[in-house]
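First comes the structure, then the notes that go with it.
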Amino acid sequence: MSIEKRLKSAIRDVPNFPKEGIVFKDITPILLDHKLCKDIAVELAKQVKSWEIDRVVGIESRGFLFGMMLANELQIPFVPIRKKGKLPYTKVSIDYELEYGSATIEIHQDAVVKGERILIHDDLLATGGTADAAAKLLKNIGAEIAGFCFLVNLSFLNGTRVLNKHSVNNISLSTY
Ligand code: AMP
């Protein structure tokens, strides 16, 4: 079975979470299958291999799960981007707009070195707002964007279009 089929059969659709009208793609069942987790990390590593990546950045919190596994697979460092107020050391922040209201994400100031090429990872690409903010935050501290990778792309929301200005390298293991 293809990795996309295996992912889709593991992902659980939860209607009307966290609010009415949203179908939440719950990836937690994937985590019960260690073979699938390993195969996901290997497949992501294979698909991003030619992008000359120095570090993987994962976006809190579901971006940590496979971001860390992928960094390990590529044998390069992993860096977390966290929600406001969680990081203990000197940090830089960026505010961005959500569908309703706004959010802030942060990164440790010394987490990347100027000129490094960063792969941004999250579990799911929807409108692209979160990954776009992560890319802007990384550029603000002198990094270059090597590309983006996700487990799931909700392609009807056109997130890829938003991210193209940072990098055209953008892959997802499954598309809806
Ligand atoms: P966006 O900024 O619109 O691309 O949204 C992406 C972020 O929101 C990711 O961190 C996802 O984990 C989360 N997210 C958005 N929509 C969904 C969904 N339908 N199911 C699960 N997570 C979602």
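The values are calculated or read from the model by the stated rules, or taken from the named source; none is laboratory data. Keep in mind that what you see is a predicted model, and the values were worked out from it rather than measured. With ideal geometry, Cβ positions are generated from the backbone for all residues, glycine too; neighbour counts draw on all protein chains shown. Protein only, heavy atoms only, side chains kept; ligands, DNA and RNA dropped before computing areas. Shrake-Rupley method; radii C 1.70, N 1.55, O 1.52, S 1.80 Å.
Values computed for the structure shown
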| quantity | calculated |
| --- | --- |
| Net dipole in debye of the chain [+1 Lys, Arg Cβ; -1 Asp, Glu Cβ; about Cα centre; nearest 20] | 100 |
| Rg to Rh, two decimals, where segment 102-144 supplies the alpha carbon set and Rh follows Kirkwood | 0.96 |
| Principal semi-axes in Å for segment 26-102 [√(5λ), Cα gyration tensor, largest first] | 25, 17, 12 |
| Evaluated at q = 0.12, 0.14 Å⁻¹: base-10 log I(q)/I(0), Debye formula over Cα of the chain | -0.52, -0.72 |
| Cα gyration tensor shape for segment 6-68, rounded if a/c is under 1.5, else prolate or oblate | prolate |
| Shape category assigned to segment 95-176 from the gyration tensor of Cα positions, a/c cut at 1.5 | oblate |
| DSSP-defined beta bridges in the chain - what % are antiparallel, rounded to 5 | 40 |
| Nearby lysines by direct alpha-carbon distance to LYS8 (threshold 23 angstrom, same-chain neighbours under 8 apart not counted) | LYS19, LYS25, LYS35, LYS38, LYS46 |
| Solvent-accessible area per residue, Å², over the chain with all protein chains present [probe radius 1.4 Å] | 52 |
| Under 17 Å from LYS136, Cα to Cα: lysines that are on another chain or at least 8 residues apart | LYS83, LYS84, LYS91, LYS114, LYS165 |
| Highest-first arrangement of 103-113, 147-157, where packing means the average Cβ count within 10 Å | 147-157, 103-113 |
